[in-house]
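The values are calculated or read from the model by the stated rules, or taken from the named source; none is laboratory data. Predicted model, so just to flag it, every value in this text is computed and none were measured. Using ideal geometry, Cβ is built from the backbone for each residue, glycine included, and neighbour counts are taken over all protein chains shown.
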Amino acid sequence: MTNQLDGTVALVTGASSGIGTATAEALAALGATVALAARRTERITELAGKIRAGGGTALAITADVTSEPEARAAVERTVAELGRLDTLVNNAGVMLLGPAVGAPLEEWRNMVDLNLSGLLYCTHAALPHLLDAAASGPRQVADLVNVSSVAGRVPRSGSAVYNATKHGVGAFSEALRQEVTRRYLRVSVIEPGAVDTELVSHNRPEVAERHHQRFAQTQKMEAADIAETIAFVVTRPRHMSINEVLVRPTEQDN
């Protein structure tokens, strides 16, 4: 699949770790110029250097996408400095689990702000540029990829608000897909099951421990597995759109 994305520009949010980092590397390996958006400047600067050292082109953009001005600025800087925007991967997200009864309300706000509002801010800012790319770009197609979760399909006790945010991602994505698909802007939702990333570490210790126990006998997927899935989605021919991918570890039964 080398060089399938030559001449295109991709913006990846949450690029400082896990799926975001792996996705940025995968798209760069396919020839895309990549913009890396995240709050942790040191990490995305290091990643940009790694991509450049491998012969790619990368731009590190420090941004907190829960801020609408920062999300919009990240998109606008991508277009201003890299010339266009063909692919947006809305990957930034947080998973704060635990019972709803007695939960810290701040955890709920954090998930809504990042998983939903941040995705909406980036998408709103990017839509005109993605539609321009689909109309006049080298591939005559553009891609919006929203990283959701199996939690966007299957509600579980102990993840009520996380479920709500990820179901929202799926509903928004499908409605938007119907609106823009005839303009060759493809909208795709990626729904991973358990992936070995730092996502769980953001939880309260007792919640993280329960999660680790749940998956103690399960070989989790790697971030690269999801990045490979995203790369497959965005490199399909113009006439083909993969709208939804649910991908679990083989040993995960729910």
(request) Quickly run through segment 228-254 and pick out the residues that are in contact with a helix residue (DSSP H, G or I) (Cβ under 7 Å, 6 or more places away or on another chain), surrounded by 15 or more Cβ atoms within 10 Å (Cβ to Cβ) and part of a loop (DSSP other than H, G, I, E, B). (result) Ser241, Ile242, Arg248
(message) Filter segment 68-84 down to the residues that are out of contact with any Asp or Glu (no Cβ under 8 Å at 6 or more places or on another chain), buried (at least 16 other Cβ atoms within 10 Å of the Cβ) and outside any helix (DSSP H, G or I) and list them by number.
(response) none
(message) Here is a check on your reading of the model: is Met1 of a type outside the set (Lys, Arg), at pLDDT below 95 and under 19 Å from Val234 (Cα atoms)?
(response) yes
(message) Go through segment 125-153 and report how many residues are under 25 Å from Leu85 (Cβ atoms), not hydroxyl-bearing (Ser, Thr, Tyr) and not in a helix (DSSP H, G or I).
(response) 11
(request) Check Ala92, Ala135 and return the single one that is closer than 30 Å to Thr235 by Cα and within 19 Å of the chain's Cα centre (by Cα). (result) Ala92
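Take Leu27 and tell me if it is more than 18 Å from Gly93 (Cα to Cα), in contact with a strand residue (DSSP E or B) (Cβ under 8 Å, 6 or more places away or on another chain) and crowded, with 24+ Cβ neighbours inside 10 Å.
Yes, satisfied.
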(message) Restricting to segment 16-46, name every residue that is under 18 Å from Ala231 (Cα atoms) and more than 12 Å from the chain's Cα centre (by Cα).
(response) Glu25, Ala26, Leu27, Ala28, Ala29, Leu30, Gly31, Ala32, Thr33, Val34, Ala35
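Determine if segment 107-119 includes at least one residue that is aliphatic (A, V, I, L, M), in contact with a helix residue (DSSP H, G or I) (Cβ under 8 Å, 6 or more places away or on another chain) and over 25 Å from Ile226 (Cα atoms).
Among the residues of segment 107-119, not one is aliphatic (A, V, I, L, M), in contact with a helix residue (DSSP H, G or I) (Cβ under 8 Å, 6 or more places away or on another chain) and over 25 Å from Ile226 (Cα atoms), which makes the answer no.
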(request) Select from segment 65-104 the residues that are charged (D, E, K, R) and under 12 Å from Leu36 (Cα atoms) and list them in ascending order. (result) Arg77
(request) Scan segment 215-239 for residues that are farther than 18 Å from Ser149 by Cβ, at pLDDT 95 or above and of a type outside the set (A, V, I, L, M) and report the count. (result) 6
(request) Look through Asn243, Asn203 and report the one residue that is in contact (Cβ under 8 Å) with a residue 12 or more places away in the chain and over 17 Å from the mean Cα position of the chain (by Cα). (result) Asn203
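Listed here are the residues, each with its yes/no results for (1) over 26 Å from Ser16 (Cβ atoms); (2) hydrophobic (A, V, I, L, M, F, W, C); (3) in contact with a helix residue (DSSP H, G or I) (Cβ under 7 Å, 6 or more places away or on another chain).
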site: Thr165; (1), (2), (3): no, no, yes
site: Ala171; (1), (2), (3): yes, yes, no
site: Tyr184; (1), (2), (3): yes, no, yes
site: Ser188; (1), (2), (3): no, no, yes
site: Asp225; (1), (2), (3): no, no, no
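Could you tell me whether any residue of segment 54-62 is under 21 Å from Arg186 (Cβ atoms), assigned to a loop (DSSP other than H, G, I, E, B) and in contact (Cβ under 8 Å) with a residue 24 or more places away in the chain?
Scanning segment 54-62 turns up no residue that is under 21 Å from Arg186 (Cβ atoms), assigned to a loop (DSSP other than H, G, I, E, B) and in contact (Cβ under 8 Å) with a residue 24 or more places away in the chain.
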(request) Would you confirm whether any residue within segment 52-65 is under 20 Å from Val75 (Cα atoms), touching an Asp or Glu at 6+ places or on another chain (Cβ under 7 Å), surrounded by fewer than 24 Cβ atoms within 10 Å (Cβ to Cβ) and hydrophobic (A, V, I, L, M, F, W, C)? (result) yes
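Can you pull out the residues in segment 154-192 that are outside any strand (DSSP E or B), among the charged types (D, E, K, R) and surrounded by 16 or more Cβ atoms within 10 Å (Cβ to Cβ)? Reasoning before the result, please.
Taking segment 154-192 and keeping what is outside any strand (DSSP E or B), we get 154-184.
If we keep only those that are among the charged types (D, E, K, R) too, we end up with 156, 166, 174, 177, 179, 182-183.
Lys166, Arg177, listed by residue number.
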